[in-house]
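Here is the structure we will look at.
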Amino acid sequence: MTIDLEELYKDLHTNPELSFQEVRTAGIAAGHLENLGFTVHRNVGKTGVVGVLENRPGPVVMLRADMDALPVKEATGLDYASTAVGVDHEGQDMPVMHACGHDVHVTCLVGAVETLATRKQDWSGTLIAVFQPAEEWGGGAETMVSDGLYDRVPKPDIVLGQHVAPFPAGWFGIRPGVTMASADSLSITLHGRGGHGSRPETTVDPVLMAAAATVRLQGIVSRELAASDAAVVTVGQIHSGTKNNIIPETASLGLSVRSFDNATRGKILGSIERIVKSEATASDAPKEPDFHYEEHFPLTVNDESAVDRISASFRAKFGDKKIIDPGPVSGSEDVGALAKAADAPLVFWFLGGADPALFQEWATTGRLPDIPSNHSPYFAPVIQPTLTHGSEALVTAALEFLGGRGTN
Ligand SMILES: [Zn+2]
Ligand SMILES: [Zn+2]
């Protein structure tokens, strides 16, 4: 290994970039791919980078890492913490942090392609490395596909990827079938009639409407779904008003909905519209609410037989006890778009990134340690063994399909 992964990781962590602005990160990834002998396609889906390494006839394996960071002000206190400021899609200055660990993903993929490029005698086929933009934004994978990804590179026979998560470093979470939820983000505008705060009788108060709707929306999961149908309805934003003595004209709600099957998803979205419209009617609103559907992440579904093969190779490589089934995860991903467009199976697994020492009590007391989750300003994966294991996992999984000789 000639690339210093720890140094690369710290550099990426210190220099995070928002979705579709991953120019520096993409340049670093492309540079490594070129040095390793890959044919490199830049600017695929705006800032995406794809490298192709053909090595004799055989299957086509795609390894994917996402590159983008989040508008979060880092509070980890690490000596390589980010102080970066970016400009978001609305032109606002935002602190930027790799609070979801996509810097881990990029680093591990660079490590994996270096290993595979220097061990060409051990495999045959075509290796495709995808450095994807804008996973957080939603649509980064889709943008690569619609920008002609598969006109430029061969369609893969399998798509593989991973996400770092706050469970012990050195462990992996992998499961067949539905592995991550679908996600829908929607904004709702409620219309009232503004006026003086002292004379509510002349107004229709959208603040009350928004508050009532928010409370009532919590009844969808608790009262309208069966206990066996897991889902999440989160109202993450409520905005209205400018001054205490003004009843405003409108109020807006921002919702995030997670579900694990399409029927449940449809039912929830229908219930949201019904409840919000009913609250508007209850307030005698002058106009129906507006529903604006924003990003949608589909379900992430792992191919069962490919998961069996990769689980077995992970067990052999990392030890039986380190491979767990995390159950369906309520987070969401767009990696499935790369597989869907190629009609290829997908396997997406979770890479432990938390200090294993913190979990010592867990075995005896069952109490989980208080570890910051992804998107927290305190999210701080331990560098090792996370980077080594993440890189080895990609190599191990790729060789499972590229005819590795079991020497990894
Ligand atoms: Zn994230
Ligand atoms: Zn993420």
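The values are calculated or read from the model by the stated rules, or taken from the named source; none is laboratory data. Predicted, not measured: the structure shown is a model, and the values here were computed from it. Reconstructed Cβ throughout: ideal geometry from the backbone, glycine too, with neighbour counts over all protein chains shown. Side chains included, ligands, DNA and RNA excluded: accessible areas come from the protein's heavy atoms. Shrake-Rupley method; radii C 1.70, N 1.55, O 1.52, S 1.80 Å.
Rounded to the nearest 20 debye, what is the charge dipole size of the chain about its Cα centre when +1 sits on each Lys and Arg Cβ and -1 on each Asp and Glu Cβ? Using Cβ point charges on Lys, Arg, Asp and Glu, the chain gives about 600 debye. Between A397, M94, M62, the Cα set farthest toward the positive side of the dipole of the chain (charges on each charged residue's Cβ, about the Cα centre) is that of A397. Our coupling estimate for segment 238-246, obtained by passing each phi through the Karplus curve with A = 6.51, B = -1.76, C = 1.60 and θ = phi - 60°, is 9, 10, 6, x, 10, 7, 4, 9, 10 Hz, Gly and Pro reported as x. Antiparallel beta bridges, as assigned by DSSP with both residues in the chain, represent about 70 percent of the total such bridges.
Sort 278-289, 388-399, 26-37 for me by packing, meaning the mean count of neighbouring Cβ atoms within 10 Å per residue, highest on top. Write down the numbers at each step before the final one.
Working: 278-289: 16.0, 388-399: 24.0, 26-37: 18.9.
Per-residue Cβ counts within 10 Å, averaged per peptide and sorted highest first, yield 388-399, 26-37, 278-289.
Determine the dipole magnitude for segment 182-296: charges of +1 sit on the beta-carbon of Lys and Arg, -1 on that of Asp and Glu, nothing else is charged, the reference point is the Cα centre, and the result goes in debye to the nearest 20. Can you show the working numbers first?
On the way: 11 positive and 14 negative charges, 44 e Å.
Taking the Cα centre of segment 182-296 as origin, the dipole is about 200 debye.
As a quick test, which of the pairs K120/K317; K243/K277; K120/K340; K46/K340; K10/K73 have an alpha carbon distance above 23 angstrom in this structure? Cα-Cα > 23 Å for K243/K277; K120/K340; rest within. Dimensions of segment 182-296 from C-alpha coordinates, computed as largest minus smallest value along each principal axis and given longest first, are 48, 24, 21 Å.
With a 10 Å radius around each residue's Cβ, average the other Cβ atoms per peptide and rank 334-345, 312-323, highest first.
334-345, 312-323
With the convex hull drawn over the C-alpha atoms of segment 282-408, the volume per residue is 200 Å³.
Can you pull the percent of the chain's accessible area that's carbon plus sulfur, 1.4 Å probe, other chains left in place? Intermediate values should be presented prior to the final figure.
Values: 8970 of 17680 Å².
The C+S portion of the solvent-accessible surface of the chain is 51 percent.
Dimensions of segment 246-296 based on its C-alpha atoms, expressed as ranges along the principal axes with the largest first, amount to 42, 20, 13 Å.
Summing Cβ point charges (Lys, Arg +1; Asp, Glu -1) relative to the Cα centre of segment 52-187 gives a dipole of roughly 700 debye.
Rolling a 1.4 angstrom probe over the protein heavy atoms with all chains in place gives segment 182-296 an accessible area of 53 Å² per residue. Residue farthest toward the positive end of the dipole of the chain, with Cβ of Lys/Arg at +1 and Asp/Glu at -1: which of F359, Q384, Y9? Towards the positive end, the residue furthest out is F359.
Calculate, in nm to one decimal, what K287 and T202 gain on full extension: separation in residues at 0.36 nm each, minus their alpha carbon distance. Walk me through the numbers on the way to the answer.
Numbers: separation 85, 0.36 × 85 = 30.60 nm, distance 1.60 nm.
Computed gain between K287 and T202 is 29.0 nm.
Under 5 Å from the amide H of G86 lie the amide H atoms of M94, V96, each residue being 5 or more positions distant or on a separate chain, with H modelled from the backbone and absent for Pro and chain starts.
Ordering A181, V106, I238 by Cα displacement along the dipole of segment 86-242 toward the positive end leaves A181 in first place; charges were set at the Cβ atoms of Lys, Arg (+1) and Asp, Glu (-1).
According to the Kirkwood relation over distinct C-alpha pairs, the hydrodynamic radius of the chain is 22.7 Å. The tail of the calculated P(r) for segment 267-338, taken as Cα-Cα distances beyond 17 Å, holds 67 percent of the pairs.
In segment 149-211, the C-alpha radius of gyration followed by the widest Cα-Cα span (Dmax) gives 25.0, 67 angstrom.
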